[in-house]
């Protein structure tokens, strides 16, 4: 299904323990990490950390970026590397990155209306024609979460499929970028 506008919203943060484990795993070279099994109490946190990492280096999986763009609500912003073995649907990648997405009334699994609760239903979104609020009713046409994809060795392109059908491969990137009056026009990097 080709979609001209993808709206997305509701982005979650990694739990503090998971984030610390992820950062520790990213900063320790693989050859120096212990090879013995982790105790049962930390095994669950360790597997969660391997699913989504906040490493600043190259991502062997799918790099996920959430940018509140014109809203400037950093509570929604996140960046993670999600481990995938092969083609994986965007909604599953976002779930592994702990990004919470609420869809629209008409397209509950394709578009994103809120990412980690942003924008809140009572938040005034300023645009050229005044202000609006996001009701997730598919009527807001001046502001939305845009879905962008970037191949491993390519440039950003506007996604032509929804979150429930777009498949991503290891090495690719996915960005949810909030736009108001078509600004920002594309991801920064």
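The values are calculated or read from the model by the stated rules, or taken from the named source; none is laboratory data. Predicted model only: the values in this text are computed from it and were never measured. Methodologically, a virtual Cβ is constructed for each residue, glycine included, from the backbone with ideal geometry; neighbour enumeration extends over all protein chains shown.
Before moving on, here are some points about what is shown:
- Residues located in region 126-166, provided they are more than 20 Å from residue 113 (Cα to Cα) and under 15 Å from the mean Cα position of the chain (by Cα): 150, 156
- Test result for residue 115, in contact with a strand residue (DSSP E or B) (Cβ under 7 Å, 6 or more places away or on another chain) and buried (at least 23 other Cβ atoms within 10 Å of the Cβ): yes
- Between 93, 99, the distinction of being touching a strand residue (DSSP E or B) at 6+ places or on another chain (Cβ under 7 Å), in a loop (DSSP other than H, G, I, E, B), touching a residue at least 12 places away in the same chain (Cβ under 8 Å) and closer than 15 Å to residue 78 by Cα belongs to 99 only.
- Of all residues in region 79-88, none satisfies being over 17 Å from residue 62 (Cα atoms) and not in a loop (DSSP other than H, G, I, E, B).
- When the residues of region 33-76 are filtered to those that are assigned to a loop (DSSP other than H, G, I, E, B) and buried (at least 20 other Cβ atoms within 10 Å of the Cβ), the one that is modelled with the lowest pLDDT is 76.
- Any hit, region 152-160, residues being in contact (Cβ under 8 Å) with a residue 60 or more places away in the chain, within 19 Å of residue 106 (Cα to Cα) and in a loop (DSSP other than H, G, I, E, B): yes
- Residue count for region 102-124, restricted to those that are in contact with a helix residue (DSSP H, G or I) (Cβ under 7 Å, 6 or more places away or on another chain) and either farther than 13 Å from residue 176 by Cα or part of a loop (DSSP other than H, G, I, E, B) (or both): 2
- Hits in region 98-111 (condition: closer than 18 Å to residue 63 by Cα and buried (at least 24 other Cβ atoms within 10 Å of the Cβ)): 99, 101
- Qualifying residue in region 127-142 (condition: free of Cβ contacts under 8 Å to residues at least 40 places away in the same chain, outside any loop (DSSP other than H, G, I, E, B) and at positive phi): yes
- Scanning region 145-157 for residues that are in contact with a strand residue (DSSP E or B) (Cβ under 9 Å, 6 or more places away or on another chain) and surrounded by fewer than 15 Cβ atoms within 10 Å (Cβ to Cβ) turns up 151, 152, 157.
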